[in-house]
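Beneath this line is the structure, given in structure tokens, with notes to follow.
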Amino acid sequence: MAALSRGNESARGLGQKLKETAWLPLALRGCIAPNSVLDIEGLEDDLHRLLNPIKDGLAGVRALPEWIRMHDGFATLANYLPRIEEALRYLGLWLHEKSEWRLGLSKAYLLTDLEPLLSQLEDFENLPAAAFLAKLRQIRIRGNTAGIDPLLTEYILPAVLKRFDYAQGGRERIDRKLIAPADKRAAIARETDPSMVRI
């Protein structure tokens with residue numbers, strides 16, 4: 001890190017090795033390669049909570065010790081972390097393996113078509129993909145006039161626009177996903193309309 005604080009020149013000729021070697025210490029235990037650390041502005045807490053470096057081989061930037069994140073060399077180190085497109089590709093691959101992150105939709109939708117649905121579902125904890133997609137759409141990419149939607153369409157939507165998994169107890173999980181939102185809407189309705197309270 002001390003060498004990186006002197007800028008990119010200090011790593012001349014070592015770029016690829018520096019990215020792919022697991023030399024960065026993690027806050028808890030072990031080490032990880034810089035190209036496996038995802039740093040997406042606005043999603044730092046989410047990625048830290050979701051990604052397990054040991055199980056997933058990926059980590060959010062908050063998994064690094066604070067002394068590294070606050071080090072003068074971190075600005076140079078950030079050049080060796082995945083860029084936004086590569087970070088979203090890794091995230092999409094991670095989501096592909098998570099059946100609980102499916103939206104239950106099999107048809108290909110545009111994000112603009114999904115927006116009304118996401119706004120209704122993002123508060124339901126049984127459908128975490130809805131809130132996550134809504135957060136991802138708020139990311140702003142400097143110098144990219146096309147915005148984030150084309151990248152989400154390529155890397156994230158294919159991972160979450162899938163039918164619910166009916167195998168291995170999937171039916172019960174599906175019932176929870178569908179019933180919980182209905183119960184929540186009913187509770188809200190009772191709070192706002194006393195005439196709906198049963199006597």
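A cut-off of 5 Å between modelled amide H atoms, ignoring neighbours fewer than 5 places along the same chain, links Ile32 with Trp23, Leu24, Leu26. Label 7 Å along Cα→Cβ of Ile141; the stretch 71-92 residues with amide nitrogen under 13 Å? Within reach of a label on Ile141, which here means backbone N under 13 Å from a point 7 Å along Cα→Cβ, the stretch 71-92 contributes 83-90. Listing Ile54, Ile139 from fewest to most neighbouring C-beta atoms within 10 Å gives Ile54, Ile139.
All of the numbers you see were taken from the coordinates with simple rules; none came from a lab. Here the structure is a predicted model, which is why all the values come from computation and not from measurement. We place every Cβ from the backbone using ideal geometry, glycine too, and count neighbours over all the protein chains shown.
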